[in-house]
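Enquirer: Sharing a structure below in structure tokens format, with a few things to ask.
The values are calculated or read from the model by the stated rules, or taken from the named source; none is laboratory data. Every value quoted in this text rests on a predicted model; they were computed, and no experiment measured them. To get the accessible areas, we keep the full protein, side chains included, count just its heavy atoms, and leave off ligands, DNA and RNA. Shrake-Rupley method; radii C 1.70, N 1.55, O 1.52, S 1.80 Å.
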Amino acid sequence: MKLVKSFTRSFPLVLVQMWGRRYAHSFLGEDISPIPIYIFRYKDGLVTAYRNLDTPNILNPIIKKRLEKDDNFILNFFMEKSGVFGELMRFKDATNFSIDDFKTFLNNLYDYWQVHYISQFVPLDDSFEEKHREEALQIRAKIDKLVHSFWVLIVPSIQKLFPKIQEFAEYVTWDEIKNDDIPIIQELKNRAQQEIILFNDQLITPQELNKLLQQFSCEISDLAVNDNDKITGQVAFPGKVSGRVSKIFKEEDMNKLQEGDILVSYMTMPVFITAIKKAGALVTDEGGITCHAAILARELKKPCIIGTKFATQILKDGDVVEVDADNGVVRIIESNNKVILPDYSNEKIFFQFQAKNLYLLFADILHQSYGERGTLIFYTNDVYQECMSEKHYTTSQQLGLDFYNSKEQFEKFKVDIKKVFNKAKITFPKILDNTLTQKILKNFFKVAKSIFDYYSWMDPLFTDEAFKRSSTSPILKKHLDEVSVIKDEYREQLNSFFLEDDNFLEKLIHKLSRDFDVAVEDLKFYRIHELYGLFEDKKVLSQELRERKNAYLLIGLSKNIESLYGENAQSVIASIVKHREYQGGNIQGTVANVSSTPKIEGRVKKIPLDYSDFVTMKAVMSEMKQGEILVAQSTAPELLPACKKAAAIITNVGGLLSHAAIVSREFNIPCIVGTVHATEVLKDGDLVEVDADNGTVKILETYE
């Protein structure tokens, strides 16, 4: 059984659960369980629905049986439900209502859903008589906008009835409202940060989804797309117009659309009406000739192409396109390669990690997890860096504080991270032993994302604020003490998967190189989705790869990861780092450990954290003398031999629970992290004073 992507919409969880339940058990009084009709993946307020391809073959025969008994069944059923419709309208017009009123409204909306299905699907099925298709189409014209107007009442109603959960109203389920069991804020926060999966109408975990897919022999299918794919679709209203793309997915996106822009969306909704009226043309991924976009385009006489499948993936905000709705083609006239970054000009930027020679594919794997949290990754002059704005950093610190304050969450985390890493240890070797397929490769990157999803909770972006408060909080201290122990254990495993000599990712890249005759060093600068393209004979151009090897930048914007390469990336990177330039004087950082001897003098020994050359890194560490001052971009378990020799540690980046911070406390040596410039300013042999009372490094004598 195949479940294919049906739609993506900005729907609240109540509506998603209602949608799944309507088709999960019975339809027009006939039992249809336990056939899976829908699977929903819900994230960032957008739900993507995957529908059983056999859904019309399951539900439409039930309608036909009713028509055999009553040729006017469609119109009669509509009239039968008119009382329910009237109740919905009364709630819509009400200014004051109770929780019981809202529950009744939701029950009526659920009851009315069968009319909605008939009006949506019967017109699309040629096996119905023309008379019946026309009747269903007439009903759709009467109720479509009104049904959507009922849907948009859900979130404001929840916010009014449950004011304490204002910003998380969309994450409450229908069952929780019916059972008077509204979750606590922390649970709703967790849902907002995670992907929520519903199998028909039940919330399940990714692990449970895999079991159910196997049980029902189901396969979820996403449409693969390449940047070079042609954009074609069905003409809903003819005409030819050019303009700049504005992608609209949620109501709040409408503010960016300017008069004459080309509105591009998965599918339009009635709440988009203001933007639709301003748009020069409409282009959607989904829909048929009776969809919302098509109906409105005909009403407003705007060129419209529907059912393109890929438009939202190929087009970017700001692209100049020609919408040729005479021929059903969208042509890109001018591609907008400019990534609109958050404005860092008035914000402090927090740099999380630095290393040498980490390639784009690794960055893309990591960014699947870290990008969602606002992390920006860039690479230039052989140096890889991760950073985020103060706004995202503050949000992450609060999430980390809530996480480490929760015994339940932390205990579950310890169990889950162990399962994820154990799964990787079992799964990854098997991949190398089998013939590579696109499905196997996707499974690898799915597991890889899970690894970083969990490991990231032990990184400074989540632990710094919790560590600062741990001296007065026993639960924070207990949890962070445990993290200090287990972090290195999992880091060593992570290194074996992705970073150290002869790691698994390197082996996988070599296998892909042999299978597809692409150089290993080129594959390292592919993106994840481009590796899937290899199975369809799609390769990245050599010129593009040269630019990526020069510089790359990845930033998470909305649902997508945007990227820039070469000179385009370098210009943006320069604007980010320009206000970090060294201004002279003492080097200042954050005190990670004071030690029993907070002020110490010593000679500098710089150790490059270079993941492309472990041999040189080990040789430099062996040359280091006992009592020298270790200076590095950041430390990691692979620099432990140098840490053991050091009289003090100084790093460009890092937090209060970074590797440098942890080992300095273990070895009782001064440690200053987050200096930004230490590796740039200091040279091997410089005599420096490390003052861990004040977080400064002073050059006493420059080595010539």
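Enquirer: Whole number in Å², please: accessible area per residue of the chain, 1.4 Å probe, ligands, DNA and RNA not counted.
Expert: Numbers: 30950 Å² over 704 residues.
Using a 1.4 Å probe on heavy atoms only, each residue of the chain averages 44 Å².
Enquirer: Defining a contact as two alpha carbons under 8 Å apart and six or more residues distant in sequence, what relative contact order in percent does the stretch 1-124 show? Show your work: numbers first, answer last.
Expert: Values: 117 pairs, mean separation 30.6, N = 124.
Worked out over the stretch 1-124, it gives 25 percent.
Enquirer: Size of the stretch 85-238 along its principal axes in angstrom, Cα-based, largest extent first?
Expert: 48, 42, 34
Enquirer: Continuing with this model, one more query. What are the DSSP H helices in the chain that stretch 27 Å or more along their long axis, judged by alpha-carbon atoms, and whose average Kyte-Doolittle hydropathy comes to at least -1.0? Numbers along the way, then the final one.
Expert: On the way: long enough: 99-121 (33 Å, -0.38); 130-151 (30 Å, -0.87); 407-433 (40 Å, -0.59); 474-498 (35 Å, -0.56).
Flagged H segments are 99-121, 130-151, 407-433, 474-498.
Enquirer: On to the next question. Please give the direction-averaged projected area of the C-alpha convex hull for the stretch 68-136, in square nanometres with one decimal.
Expert: Taking the Cα atoms of the stretch 68-136, their convex hull projects to 5.2 nm² on average.
Enquirer: So how compact is the stretch 49-171: Cα radius of gyration and Dmax in angstrom?
Expert: Spelled out, the Cα radius of gyration and Dmax of the stretch 49-171 are 16.9, 52 Å.
Enquirer: Using Cα pairs under 8 angstrom and six or more residues apart, how large is the relative contact order of the chain, in percent?
Expert: Details: 1227 pairs, mean separation 67.8, N = 704.
RCO, the chain: 10 percent.
Enquirer: When the C-alpha atoms of the stretch 495-630 are aligned to their principal axes, what extent does each axis show, in angstrom, from largest down?
Expert: Result for the stretch 495-630: principal-axis Cα extents of 61, 35, 26 Å.
Enquirer: Let me ask something else about it. Aspartates and glutamates near residue 683 by alpha-carbon distance under 13 Å, same-chain residues fewer than 8 away left out - which ones?
Expert: Counting by Cα, and skipping residues close in sequence, residue 683 has these aspartates and glutamates nearby: 628, 701, 704.
Enquirer: If each DSSP helix of 4+ residues adds -39,500 (n - 2.57) and the sum is divided by the residues in the chain, what number results at 222 nm, nearest 500 deg cm²/dmol?
Expert: Values: 28 runs with 320 residues, N = 704.
Per the formula, -14000 deg cm²/dmol.
Enquirer: Report, for the chain, the % of DSSP beta bridges that are antiparallel, rounded to 5. Write out the running numbers ahead of the final one.
Expert: Numbers: 74 of 96 bridges.
The antiparallel proportion sits near 75 percent.
Enquirer: How large are Rg and Dmax for the stretch 546-704 when calculated on the C-alpha trace, in angstrom?
Expert: According to the Cα coordinates of the stretch 546-704, Rg and Dmax are 17.0, 51 Å.
Enquirer: Got a number for carbon plus sulfur as a percent of the stretch 188-291's accessible area, 1.4 Å probe?
Expert: Details: 2220 of 4870 Å².
The value for the stretch 188-291 is 46 percent carbon and sulfur by accessible area.
Enquirer: Could you give me D for the stretch 334-472, from Stokes-Einstein at 37 °C and 0.692 mPa s, where the hydrodynamic radius is the Kirkwood radius over C-alpha pairs? Units µm² s⁻¹, please. List each step's numbers first, then the result.
Expert: Details: Rh = 17.2 Å.
Rounded to a whole number, D works out at 191 µm²/s.
Enquirer: Something else about it: Under 17 Å Cα-Cα from residue 430, which aspartates and glutamates qualify once same-chain neighbours fewer than 8 residues away are excluded?
Expert: Qualifying aspartates and glutamates at Cα under 17 Å: 502, 506, 515.
Enquirer: In addition: Report the relative contact order of the stretch 344-490, percent, no decimals, based on alpha-carbon pairs under 8 angstrom and at least 6 residues apart. Present the calculation step by step, with values, prior to reporting the outcome.
Expert: Values: 145 pairs, mean separation 39.4, N = 147.
Relative CO of the stretch 344-490 lands at 27 percent.
Enquirer: Then there's this: For 455, 393, what's the largest-to-smallest order of accessible area, 1.4 Å probe?
Expert: Details: 455 10, 393 40 Å².
Result of the area sort, largest leading: 393, 455.
Enquirer: For the stretch 513-573, take every pair of Cα atoms, bin their distances at 5 Å starting from 0, and report each bin as a whole percent.
Expert: Histogram of Cα-Cα distances, whole percents per bin: 4, 17, 26, 23, 18, 10, 3, 0.
Enquirer: Round to the nearest 10 and report in Å² the accessible area of residue 304, as given by a 1.4 Å probe over the protein chains' heavy atoms.
Expert: For residue 304, the solvent-accessible surface is approximately 0 Å².
Enquirer: Right, here's the next one. What is the percent of Cα-Cα separations in the stretch 365-408 that go past 12 Å?
Expert: On the way: 632 of 946 pairs.
Roughly 67 percent, once rounded to a whole number.
Enquirer: Quote the Stokes-Einstein diffusion coefficient, in whole µm² s⁻¹, for the chain, based on the Kirkwood radius over alpha carbon pairs, a temperature of 37 °C and a viscosity of 0.692 mPa s. List each step's numbers first, then the result.
Expert: Details: Rh = 28.3 Å.
Result for D is 116 µm²/s.
Enquirer: Does the stretch 3-69 classify as rounded, prolate or oblate by the C-alpha gyration tensor (a ≥ b ≥ c root eigenvalues; a/c under 1.5 gives rounded; else a/b over b/c gives prolate, otherwise oblate)? Walk me through the numbers before you get to the answer.
Expert: Numbers: a/c = 2.55, a/b = 2.10, b/c = 1.22.
Prolate shape, in that a/c is at least 1.5 and a/b is the bigger ratio.
Enquirer: With 22 Å as the limit, write out which pairs from 142/178; 81/145; 425/507; 2/538; 5/511 have Cα-Cα distances beyond it, or answer none.
Expert: On the way: 142/178 29 Å; 81/145 17 Å; 425/507 14 Å; 2/538 25 Å; 5/511 31 Å.
In this structure, 142/178; 2/538; 5/511 exceed 22 Å between Cα atoms.
Enquirer: Could you please tell me the mean projected area of the C-alpha convex hull for the stretch 421-507, averaged over all directions and given in square nanometres to one decimal? Provide the component values of the computation, followed by the final result.
Expert: On the way: hull surface 25.5 nm².
Here the figure is 6.4 nm², rounded to one decimal.
Enquirer: Also, I was wondering about something else. For residue 1, what accessible area in Å² do you get when you roll a 1.4 Å probe over the heavy atoms of the protein chains, rounding to the nearest 10?
Expert: Looks like 80 Å² after rounding.
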